[in-house]
Every structure is written in C-alpha cells, then in structure tokens.
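A.B. asks: One structure coming up, written as structure tokens, with questions to follow.
The values are calculated or read from the model by the stated rules, or taken from the named source; none is laboratory data. All values derive from a computational prediction rather than experimental measurement. Here the Cβ positions follow ideal geometry from the backbone for every residue, glycine too, while neighbour counts run over all protein chains shown. When the accessible area is computed, the model is the full protein with side chains, heavy atoms only, and any ligands, DNA or RNA have been set aside. Shrake-Rupley method; radii C 1.70, N 1.55, O 1.52, S 1.80 Å.
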There are 4 protein chains.
Amino acid sequence: MSLPYMTREGHGRGNNRRMQPWRTAIVNKDETHIWIRGYDITQLMGQAGFVDTVFLLHRGRLPNPGERRLLDALLVASADHGAGAPSCATARLAASGNRGSLSAAVAAGILAIGDEHGGAGEICMTLIAGHAPAGKRASKSMDEAAAAAVESARQGGERLPGLGHRIHTTDPRVAVLFGMAADLGIAGEGIAFMRALESAAARLIKPLPINIDGALAGVLYDMGFPASAAKLIFIVGRVAGLTAEVAEEHAREKAMRIRIPIEYDGEPPREISKTEE
Amino acid sequence: MSLPYMTREGHGRGNNRRMQPWRTAIVNKDETHIWIRGYDITQLMGQAGFVDTVFLLHRGRLPNPGERRLLDALLVASADHGAGAPSCATARLAASGNRGSLSAAVAAGILAIGDEHGGAGEICMTLIAGHAPAGKRASKSMDEAAAAAVESARQGGERLPGLGHRIHTTDPRVAVLFGMAADLGIAGEGIAFMRALESAAARLIKPLPINIDGALAGVLYDMGFPASAAKLIFIVGRVAGLTAEVAEEHAREKAMRIRIPIEYDGEPPREISKTEE
Amino acid sequence: MSLPYMTREGHGRGNNRRMQPWRTAIVNKDETHIWIRGYDITQLMGQAGFVDTVFLLHRGRLPNPGERRLLDALLVASADHGAGAPSCATARLAASGNRGSLSAAVAAGILAIGDEHGGAGEICMTLIAGHAPAGKRASKSMDEAAAAAVESARQGGERLPGLGHRIHTTDPRVAVLFGMAADLGIAGEGIAFMRALESAAARLIKPLPINIDGALAGVLYDMGFPASAAKLIFIVGRVAGLTAEVAEEHAREKAMRIRIPIEYDGEPPREISKTEE
Amino acid sequence: MSLPYMTREGHGRGNNRRMQPWRTAIVNKDETHIWIRGYDITQLMGQAGFVDTVFLLHRGRLPNPGERRLLDALLVASADHGAGAPSCATARLAASGNRGSLSAAVAAGILAIGDEHGGAGEICMTLIAGHAPAGKRASKSMDEAAAAAVESARQGGERLPGLGHRIHTTDPRVAVLFGMAADLGIAGEGIAFMRALESAAARLIKPLPINIDGALAGVLYDMGFPASAAKLIFIVGRVAGLTAEVAEEHAREKAMRIRIPIEYDGEPPREISKTEE
C-alpha cells in the first residue's frame, strides 16, 4: 500500500524519528507474569483484593487494615446516587441514543464528573492543604481559617466546595465515614477542617451539610492522598454504578425513549436577507 | 528518577522494543509546511474551504462544485436538531456537572451518536449496497428488494433504519437534499432505494417518513462514500451544534441545574441478613 | 431572559410536553437516606464492601462468600495491564494533551475498550450460551461445539474471541481464576467451554492461550452474569488502573511529551487545479 | 415490571417531581419545520452553507462575507495536523482497541484537546481581553503589556500560551490567517497583541513562533467571539480530521496493531508481607 513517495516527519530532528519508551512505575510484565508495583498479580488475586489493589495502584504500597476498610467504605459511598445524578443521567442518555457501545455510555457518564459533581473534593483538599497547617498550632486557628474561606466564598458569590446538597438535608454517608475514620485512628486535620468549614458556613451563611465531595476530601486528606485523588477515587467508585445504570437502561428501556421538554425562547422565524448573503 | 531496577517489556521479542512508525496518507508536514492529501494547507485555506477539506480528508480528492454543494447541505442538515436531541441533551447534562472541560461535554454528546441516533445511515448504506445492484437491472427489482427488507424487519420486530421520526411527520431536510441531488445529477441508486423503502413501509406497515439518517445514507451512497461515512459525516456536522449547545449551557444556566424526575420501583428497604454476610 | 416569542416543542403531542419520570430499580433516596437495591448505603458501608456493592448493583442481591471472592479476583485481574495497553495508552495520550480534566483522560481510556480489547468476553459469553447447553448432554458434544466454533472462525478468517495474546504465552491470571472457581464450586459450563475452545484451537490452528477476556467470560458465565457484564465488569476493574496511569502521567511527565513516529506514504505535493475549483 | 413498592424522589420537594423544560434560543422545531436561530433549516441548506451555520449557531446572526471567509479559513487551519497530533493519535489508539464504535474513537480524540493542545487559544483570549484595552491608548502600552505577560510566565516557569511549536519553526497557517484578517479589515487588537507577545518572547526568552492556538485566539478575538470559542471552534475544525484518521485506521490497519515501547522503572518483584495483610 505504500507509494513511492514516502517521508518521515521531522527529518534531521532526531527525537521525532524514534519514539522514546514510555516510563512507568506501575505495571511490569513478561511472557508469563504481570507485576503491579512489584507484586505478582496472581498473589494480589489470591492473597489481597480489589480495594487493596486500588490503594496499591495509587499509593505504591498495600494498605494496612484500617486504610483498606476506610477506602472500601469510600468506594461504596461513591458507587451510585440514583439515575438522576448527572453522571448517571448522562450515561443513560448516551445509552439511549447509542446502544451499540457499552463503553461509550459509561465514558459519557464519567465526563459529567467535574468540579460541580463528584469533583469538588479536589478543591476542598487544596483548601485544606492551604489552611490546615496553620490549624495545627491551635484549634482556634482552624476555625478562623474556615471562617475566612466561607467569608471569601460569600463575597465572591462562589459555592463552597464540599458543602450543601440539592436533596439531602443531612448526607447519611458523612457521619459513617467520619466515625469510621475516628474509630480507626485516621481522622485528622482534613476531617477537622471540613467540620470547621461546615460550622462557619452555618454561622455566617446558612446550614449547609457536608456532602460526599467534602467527606471524601476530609478522609482522603487524612489518609495521605494527593488532591487529585478526590476526583479519581470518586470515579473508581462511581463507575460501579454507571455500569449498572447502563445495564438497566438496556434491559428495561427502548432506544431513544428519553424525551426532554424544551422551551424555545430565541429569535422568531426570519428570512435570510440579501445584505447578509 | 529511574531506579536501578529497570526492564523493558518483551525481552527478546523485538517488535515490542521499538515502535513501528504509524503509516498515514492523510497529512504530511515539515518545519514550515503542512500538506493535507498533498495539498499545501495554505492553498486550501486561501483557494478552497472547509467543506472542500472535509471531502478531501475523506475521499482523497477535492470535490467538484456539485459534490461540494451537496456535502455542504448535508453538514447543515446534520448540525443541530434541538437541545433535546440525545446528542445535544447528553452534552448539556455533561456540561451541567462538569463545567471545567468544554471538550468533555462535546465528547459526551458525540458518545450518544450510534445506530439509534444519527448513525442509522450506516446500516442503510449497507442495506443499499446489498440490494441496489440487483435494482440496477430493473426498477421492479428494487421495489422487491425494498419490500423484502421491510418484511424482514417487520417479522424480526426491528426498526427500519432511516425511516420514522418521533417528532416530524415529514422531515423537511429530506426533500431539499434529494431535490438538490437530482438537480446536480448525483441522485442514483441510493436515493431511489430509500424512496422504495419508504413506499414499501407505507404499504406494508404504516407511513414512516424518511428521516435524516436515511437521507444522508441515500445521498452519501450516490456520492460514492463508504457506509461508515454516514456516521462520520453526521458527526462532523453535529459537532457544530454540540459546541453551541454547550456554550449556551455555560452562558445561560447554573451548574447542576438539571433535575431528572425519578420513579423508584425496585426492592423496598431491607436488612443485610446474616447468611449473606 | 425569556423573550416574547416562546414556543414549546410538539404542540398537541402531549408526550413531549412533560417528561415522564425515569424508572429505576437501582437507587432510591430521600432527604436523609440512600438505598441501593433496598439496602441502606450506611449498612453497605459498615457491614459489606465495594465488591459486594458491585455484585449487588449488577445482580440485585448480595453475593455469597464464594461469589464475592471470585468477583474480587476478577476485578484485580482486570485492573491494569501496563501503560501500553490500549486503554491505558489512550488515557495517557489524552492526559498529555489535556491536563485540565482528569475525567476526560479516564473516559478516553474507557473508550478504547471494545470487542478487540477488554470486551471480547461478551462475544465469548454469547458463544458459550449458544453452544454450552448442547454440551450439557455429553462432554463430547462440547468438544464438537468448540471445534465447530474454531473451524468457523478459521474459515471466516476471524480472530477467536478470548484466545491469544500478543505478549503472554500463558496468561498468569487464567489458572488462578479457573482454579479459584473450581475450589469454590462455581466452575461449570462456561469454564469448560473455554478450555474446550483452547484445546480445539491448539489442535486445529495453533496454541492460543486463553486470555483475560476468555477467562472473564468463562467465570462470569458460571456465576450467572449476562453477556454484557463481561465488558462492564472489566471496565469497573480497569478504571482503577486508568486512574493510576493518569495520575502518573501528571506526576512524572510534562504536557505534550508524547511523540508518535509517523511515516507518510500518501500523495506527493500537488497543486489545486482549475478544473477542481 | 413495576413492583408494589414505588416511590418518587423528593416527596414534598416539588421541584424534583416535574422536570422544568429546558430553555434554549438555538433550535426550534415542529412537525414539519426546523429553525436554527429563527432561520428555516431548508433555507440555510439552500441559500447558505455550513460555515455560515457554524457562525450562526455561535453568534446568533449570519456572517458577512469577510467573516464567513475568515471562519472558513480558521476551520481548514484546525482540521488536521497529522496522525501523531495528540487528538489524532488518541482517536487512532481508541479505534485500535475498540473498532465497534466510530463515535467512541472520535470522542476520545476530542478528549485530548485541552489547554495544552488546541485549547491554549482560550487562555490567550483571556490574556488579550485583560491587556488589550490598555493597548488601545498607545501602541507602546500593548508592547509593555506583552512584555509583562512574558516576564510573568518566565518567572512562573509557565509556557506562554499560543507561542511555540514542537515541529514548526514557522507555522505556515499564521501568516495566512493574519494576512486574510488584515485584507478583510478585521484585524485589530487581538492580532496586534499576539504579535506583540511574539516579539516580547523573542526579545526576553527566545524566538517562539505564534502557533495555531495563538492565531485562532487573535483572529477570533478580532471577530468578536468569546474566549471559550477558541476551544470550541478548534474542535469543530478538528473533528473533520479526527473522522478521517479513524476511517484510515479502520481501512488500513488491523485491530490492536499499536504497540507502545515501555520501560519499567518501579519497584522490583516483592512479596506480600504478613504485616501488610
């Protein structure tokens, strides 16, 4: 199929001619083995489990029992929140138009996850990282830092990340996660800061319960995860629900069943004028 | 950053050690030029246009004036069909949860395009390719082939691809496209087969107007495009609308504004039993 | 913001005016509770775990200990297979160009999962479902069914789903999964059929080891999952790896670092001719 | 299928019970018409074209001839930049693993478009909007503003958006676009600022030619587009190339053909220790 005329891009610019190998410290394999972070995958399958593997992939070591238990609960807490949650609804809409590809529908659901849905934990963790060290010196400092964050959001007219929910007055997942973290001796600055933020918001604005994003942020911070993990761990959990939502859409509904009520309020009918053309 | 322990995958299996260059016949470039299918991109920018370039990318040559005009109309016809069309609604839902990424929202919209929405043209073109040659011999044969296709879909309980619409009784885009193709001398077996299919469906099932998928299939077949082009050309057109829908969502609406009414009809509340655990 | 000119789509077609509630049997919630398939999420967090929840979401009931253990191992087996696996490489490439969106990169990785990568299990399970019942009558029948499937693939020049790997001569995950399924009393027709298929391929074509897709198909069939679960459960597992690959790309590499060697073999430079324009 | 146990979410919270219609000012339709921004789609198909429709969708009015011509050239300039460009390579990798879904591969390609690839124009336009008004008062002010932006990027160790390219020493698209904008009387603050930025970078850092992102930003600013359009218009253009790249991957290559060379530099093989488990 190749014609007489052939060129390679970037003559004389050697680094384009040959692909540098991609470096990775995650997985190695040969003809009969797969190692994840150095552990033989068959041992991980036999002597550990999926939650351990999620921790291992992200942290480079296996979790201790308390870490495993807490991460397990975090993943359950993130798994699904109903067919109308933006990620789930987006996956179902995509499945409704494109039944041919399961992975397309699941991917569409993930694309709805961002700073406003499932991802505010990243912002919270950055906020905690900025304020919590000051809080280490005195509990009063943390309250002040939280109050300052609330005040700043209020003046900027911004939403407070990790607080408030459009359905729950109290998010049932939060108390379980924070209690478990306390029982396991993991609770620290992260959870304390989120509670201080909730108190400051209630005092200065109105009662805004900690939501799942805020809970993940507090717990993941105290477990030593980086800020980006808030979004990534949420995605790992949520994909369990997204796959089930897509399966239910296929099993129970017909293609193209979803109708969105539309109200048009734009330009009335008009003609293409000569001057435009 | 590299540790003393380093390996390359596939020891002794040479084809893994070095990446084979990827072959392409689409774009070539050097430090000061870009050629698309051999044409300097600056000439395409100055002496041709985007519709020519879409044709060139897919067909390997520039279109003649009739082909350009028809492809131009096809792209307009595909551009947008309202905020409630599955692709547009999916894009807006994704944008509602994830305002941080414009490309994520547009991509989510594309993921709703499949055999049931915007993609049935591919099935139609395969159907035309299978039946139309027989039709060449006698117009009666084409009617028979169309009737056989309708009969087969009816017995299998399948939707007829390219026919029927949940809103339009007559899709206004079809007559324009087919009329333009006739005026330009391009109309042939593809359009004739789609019309025969519409007639057979009306006779054997019920009136089911040709929809945009069916129209694209007929016209693209007569222009010499392969079946996969029905979906791909639709996507090129639709992304114009998707980008505008996402921009409107950002400009007019708040994050997380979309609420889907949910009715739960599953298991009532229950306890985790000991035997399960 | 609404102008004097306003319309609602589909006047006189009532079903467009109001959105029907979406039905679901997966999640229910109120202001202070979330139930997944009837179980309070706080109980699932405290008394069960993520692997139970994945099973529950897809099957509507909690797993017994053997089912949980096997699903856990399946998810570990699917979690990651190296930065060069198509799903992982796609995620990293997307992250390289678009560092602003973690969910976009993870979603891109999922989009590389299809019948050729991570999804062949769905085809295998359909094959098993078609052939295995015949196999129930006599073990010879299953061998014959497997031979027929191999013969048919060979004649059609198609790849045998679930067999063969470009790196592994023996996939280490397969023996662990099949052994665990046997130990737990779950192994049945699915695993037996995959082994018969492997034998038939070795006899009639060449040694082609069962790969992870084939292993998932055999085990999930014997656990009672529908065919679509092969792809969906693989995605749940793989997203753990995808999130870690994306995190490593951000942590270790610069934006736009990936260079693909390209060899152009298309049209040489040419001019736009007058007749075309 | 519905069980005796049924609930609707959000009892007593009326706004969840019924979906508010989605507002839109883009498309309206009835049983026999489709209007885009008030224009009947059949007139747009017959009397206008796709480039007009892209402009109309984003700006709410049809372009004048100069605007149409410039937008047409912008879309050609964005259409494709070779199989190795991140968006194109991502689309091809996805197609290599998942041949079953054309829309999945195209969407994956779009997901690689972000601030580092194809999207820096958005940052540039924000930069222009912040600095250009000052520039209006005296040309010296614009040079100073550009120098300040370069200085600030240099001190922060950040890449200058819209400048520099890993292959081109001069991007051939830039001069064409800026020349065309000047000839059409559209060139203004946006292009002037990008040129001032290029000069300042050459003086203070090193020669960094304006790239396509910078060119789009300058031209789109001068045409009156908002900053988000830089990414969205680039996506509209690029999807033409992405669809052709995916089509070529299907036509010329086998599934799973892409091999990435990997170098593992992580933990050497190790055992799961008792204390961990």
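A.B. asks: Per residue of B:115-126, how many C-beta atoms from partner chains lie within 10 Å of its own C-beta, taken as a mean?
C.D. replies: 3
A.B. asks: Cα gyration tensor of chain D, axes a ≥ b ≥ c as square roots of the eigenvalues: rounded (a/c below 1.5), prolate (a/b > b/c) or oblate? Walk me through the numbers on the way to the answer.
C.D. replies: Working: a/c = 1.58, a/b = 1.12, b/c = 1.41.
Oblate is the answer for chain D, as a/c is 1.5 or above yet b/c matches or exceeds a/b.
A.B. asks: Ok, one more. Holding the Cα-Cα limit at 29 Å, pick out from A:Lys29/D:Lys231; D:Lys206/D:Lys231; A:Lys206/A:Lys231; A:Lys206/D:Lys231 the pairs that are longer than that.
C.D. replies: Violating the 29 Å limit, Cα to Cα: A:Lys29/D:Lys231; A:Lys206/D:Lys231.
A.B. asks: Please report the buried accessible area for the interface of D with A, total over both chains, probe 1.4 Å, in Å² to the nearest 100.
C.D. replies: Values: alone 17330 and 17370 Å², together 30140 Å².
Roughly 4600 Å².
A.B. asks: Continuing with this model, one more query. Binning every alpha carbon pair distance of segment B:16-69 at 10 Å from zero, what are the percents per bin?
C.D. replies: 22, 45, 20, 10, 3
A.B. asks: What 222 nm value per residue comes from the helices of chain C, counting each DSSP H run with n ≥ 4 as -39,500 (n - 2.57) and dividing by all residues, nearest 500 deg cm²/dmol?
C.D. replies: Taking each H run of at least 4 residues, the total per residue is -17500 deg cm²/dmol.
A.B. asks: Considering only C:Ser101, C:Ile191, C:Gly156, whose Cα is most displaced toward the positive end of the charge dipole of segment C:93-203, charges sitting on Cβ of Lys, Arg (+1) and Asp, Glu (-1)?
C.D. replies: The residue sitting farthest along the positive end of the dipole is C:Ser101.
A.B. asks: Give me the accessible area per residue for segment A:186-264, probe 1.4 Å, as a whole number in Å².
C.D. replies: Using a 1.4 Å probe on heavy atoms only, each residue of segment A:186-264 averages 27 Å².
A.B. asks: Taking R0 as 30 Å, what FRET efficiency do you get between D:Glu151 and C:Lys254 from their Cβ-Cβ distance, rounded to the nearest 0.05?
C.D. replies: Once the sixth-power term is evaluated, E becomes 0.85.
A.B. asks: Using only the Cα atoms, what convex hull volume per residue in Å³ does segment C:230-277 have?
C.D. replies: Expressed per residue, the convex hull around the Cα atoms of segment C:230-277 is 220 Å³.
A.B. asks: Still on this structure, I have one more. Return the carbon/sulfur percentage of the accessible area of chain B, one whole number, probe 1.4 Å, all protein chains in place.
C.D. replies: Reported share for carbon and sulfur atoms: 51 percent.
A.B. asks: Which helices pass in chain D if a helix is a full DSSP H run, must span at least 24 angstrom along its long axis by Cα, and must have mean Kyte-Doolittle hydropathy not below 0.5?
C.D. replies: D:229-252
A.B. asks: So, with +1 on the Cβ of K and R and -1 on the Cβ of D and E, and no other charges, what is the size of the charge dipole of the protein assembly as shown about its Cα centre, to the nearest 20 debye?
C.D. replies: 0
A.B. asks: Now a separate question. Using amide H atoms built 1.01 Å from N in the peptide plane, name the residues 5+ places from A:Ile34, or on other chains, whose amide H lies under 5 Å from its own.
C.D. replies: Excluding prolines and chain starts, which carry no amide H, the hits are A:Ile41, A:Thr42.
A.B. asks: Another question, then. Taking 2.2 N^0.38 Å as the expected size of a compact globular protein, what ratio does the Cα radius of gyration of the protein assembly as shown give against it, to two decimals?
C.D. replies: Taking the Cα Rg and dividing by 2.2 N^0.38 Å, one obtains 0.91.
A.B. asks: Net charge near C:Glu245, counting Lys/Arg +1 and Asp/Glu -1 over other residues with Cβ under 9 Å of its Cβ? Don't jump to the answer; show the numbers that get you there.
C.D. replies: On the way: positive: C:Arg92; negative: C:Asp80, C:Glu248, C:Glu249.
Residues near C:Glu245 contribute -2 overall.
A.B. asks: Turning to a different aspect of this structure: Report the net charge of residues surrounding A:Leu102, where surrounding means a beta-carbon distance below 11 angstrom and charges are Lys +1, Arg +1, Asp -1, Glu -1. Walk me through the intermediate numbers first.
C.D. replies: Working: positive: A:Arg99, C:Lys231; negative: A:Glu249, C:Asp115, C:Glu122.
Combined, the nearby Lys, Arg, Asp and Glu give -1.
A.B. asks: OK, next. Please report the projected area of segment A:168-277's Cα convex hull averaged over all directions, in nm².
C.D. replies: Values: hull surface 57.6 nm².
Value for segment A:168-277: 14.4 nm².
A.B. asks: GluC sites (Glu not before Pro), restricted to segment C:135-217: which are DSSP loop and have at most 16 other Cβ atoms within 10 Å?
C.D. replies: Values: sites: C:Glu144, C:Glu151, C:Glu158, C:Glu189, C:Glu198; in loops: C:Glu158.
Those that pass, being in a loop and sparsely packed, are C:Glu158.
A.B. asks: Can you compute the charge dipole magnitude of segment A:111-258 about its Cα centre, using +1 on each Lys and Arg Cβ and -1 on each Asp and Glu Cβ, nothing else charged? Give it in debye, rounded to the nearest 20.
C.D. replies: Approximately 200 debye in magnitude.
A.B. asks: Please compute the volume of the convex hull spanned by the alpha-carbon atoms of segment D:65-190 and report it per residue in Å³.
C.D. replies: Per-residue hull volume (Cα only) is 135 Å³.
A.B. asks: Where a ≥ b ≥ c are the square roots of the eigenvalues of the C-alpha gyration tensor, would you call segment A:20-105 rounded, which needs a/c under 1.5, or, failing that, prolate if a/b is larger than b/c, or oblate? Write down the numbers at each step before the final one.
C.D. replies: Numbers: a/c = 2.68, a/b = 1.49, b/c = 1.80.
Oblate, since a/c reaches 1.5 and b/c is not below a/b.
A.B. asks: Given Cβ point charges of +1 (Lys, Arg) and -1 (Asp, Glu) and nothing else, what value in debye, to the nearest 20, does the dipole of chain C about its Cα centre take?
C.D. replies: Computed about the Cα centre, the dipole is about 600 debye.
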